[in-house]
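Student: Handing you this structure, nothing more for now.
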Amino acid sequence: MTERIVQPSLPTRDQLCALRDFVHGRSYSAGSVAIRLPGEPCHAADSGVADVARASGALYNVTNVLCKRLFADIDTGQPGVAAELAWEALLAIADAWRDAPNAPAELRKLVFDAALRRA
């Protein structure tokens, strides 16, 4: 008889923290191109650099909202469908960095396994 190992559908708190911290780091890295030195003029509101800064901030905020929801649901001890959807959304975000050399190995595995489930 072959026993099949089933990975839990939701992350541990440590896995969620690792994913959140990694995505936050990447969004900060992307937004860093928009940082200006004191005394320098602001980037034009309609410039590509300003758009990168806004997109980076939006990614950071969306990740925060999803993580807060997921932490709260996990802490109840009885997370539901909303928690699973939040986790899938976070994995979809992290998928952009699946092959990044600086992505932690465990995170790459979580993202890769999620991509296989979606396929």
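Student: Can you report the number of residues in the range 74-87 which are in contact (Cβ under 8 Å) with a residue 60 or more places away in the chain and over 11 Å from Leu19 (Cα atoms)? Can you show your working first?
Tutor: Restricting attention to the range 74-87, the residues satisfying the condition of being in contact (Cβ under 8 Å) with a residue 60 or more places away in the chain are 74, 79, 83-84, 87.
If we keep only those that are over 11 Å from Leu19 (Cα atoms) as well, we get 74, 79, 83-84.
Adding up the residues that qualify gives 4.
Student: For Ser47, work out the one condition from (1) under 10 Å from the mean Cα position of the chain (by Cα); (2) modelled with pLDDT under 90 it doesn't fulfil.
Tutor: Going through (1) under 10 Å from the mean Cα position of the chain (by Cα); (2) modelled with pLDDT under 90 one by one, Ser47 breaks only (1).
Student: Considering only the range 51-87, state which residues are at positive phi and modelled with pLDDT of 95 or more.
Tutor: None - no residue of the range 51-87 is at positive phi and modelled with pLDDT of 95 or more, so the list stays empty.
Student: Here is a further query. Assess whether Leu90 counts as being surrounded by 16 or more Cβ atoms within 10 Å (Cβ to Cβ), at pLDDT below 95 and within 16 Å of Val23 (Cβ to Cβ). Lay out the reasoning, then the answer.
Tutor: Numbers: surrounded by 16 or more Cβ atoms within 10 Å (Cβ to Cβ): yes; at pLDDT below 95: no; within 16 Å of Val23 (Cβ to Cβ): yes.
Spelling it out, it is not the case that Leu90 is surrounded by 16 or more Cβ atoms within 10 Å (Cβ to Cβ), at pLDDT below 95 and within 16 Å of Val23 (Cβ to Cβ).
Student: Same structure again: Being among the small types (Gly, Ala, Ser), within 20 Å of Ala103 (Cα to Cα) and part of a helix (DSSP H, G or I), is that true of even one residue in the range 45-65?
Tutor: Scanning the range 45-65, I find at least one residue that is among the small types (Gly, Ala, Ser), within 20 Å of Ala103 (Cα to Cα) and part of a helix (DSSP H, G or I), so the answer is yes.
Student: Being part of a helix (DSSP H, G or I), small (Gly, Ala, Ser) and either touching a helix residue (DSSP H, G or I) at 6+ places or on another chain (Cβ under 8 Å) or under 19 Å from Tyr28 (Cβ atoms) (or both) is the filter here, so list the residues in the range 67-91 that pass it.
Tutor: In the first step, residues of the range 67-91 are kept if they are part of a helix (DSSP H, G or I); the result is 67-76, 81-91.
Within this subset, residues satisfying the condition of being small (Gly, Ala, Ser) are 72, 82-83, 86, 89.
Passing the criteria: Ala82, Ala83, Ala86, Ala89.
Student: Another one. Being within 15 Å of Gln15 (Cβ to Cβ), of a type in the set (D, E, K, R) and free of Cβ contacts under 8 Å to residues at least 40 places away in the same chain is the filter; apply it to the range 99-119 and report the residue that is surrounded by the most Cβ atoms within 10 Å (Cβ to Cβ).
Tutor: Arg108
Student: When you look at Ile35, is it under 30 Å from Leu16 (Cβ atoms), β-branched (Val, Ile, Thr) and surrounded by fewer than 17 Cβ atoms within 10 Å (Cβ to Cβ), yes or no?
Tutor: Yes; evaluated as a whole, the condition is true for this residue.
Student: It is to be established whether one or more residues within the range 64-79 are hydrophobic (A, V, I, L, M, F, W, C) and in contact with a Phe, Trp or Tyr (Cβ under 7 Å, 6 or more places away or on another chain).
Tutor: Taking every residue of the range 64-79 in turn, at least one turns out to be hydrophobic (A, V, I, L, M, F, W, C) and in contact with a Phe, Trp or Tyr (Cβ under 7 Å, 6 or more places away or on another chain).
Student: For the range 11-25, give me each residue that is surrounded by 15 or more Cβ atoms within 10 Å (Cβ to Cβ) and part of a helix (DSSP H, G or I).
Tutor: Passing the criteria: Gln15, Leu16, Ala18, Leu19, Arg20, Phe22, Val23, His24.
The values are calculated or read from the model by the stated rules, or taken from the named source; none is laboratory data. Everything quoted here is computed from the prediction, not taken from an experiment. Methodologically, a virtual Cβ is constructed for each residue, glycine included, from the backbone with ideal geometry; neighbour enumeration extends over all protein chains shown.
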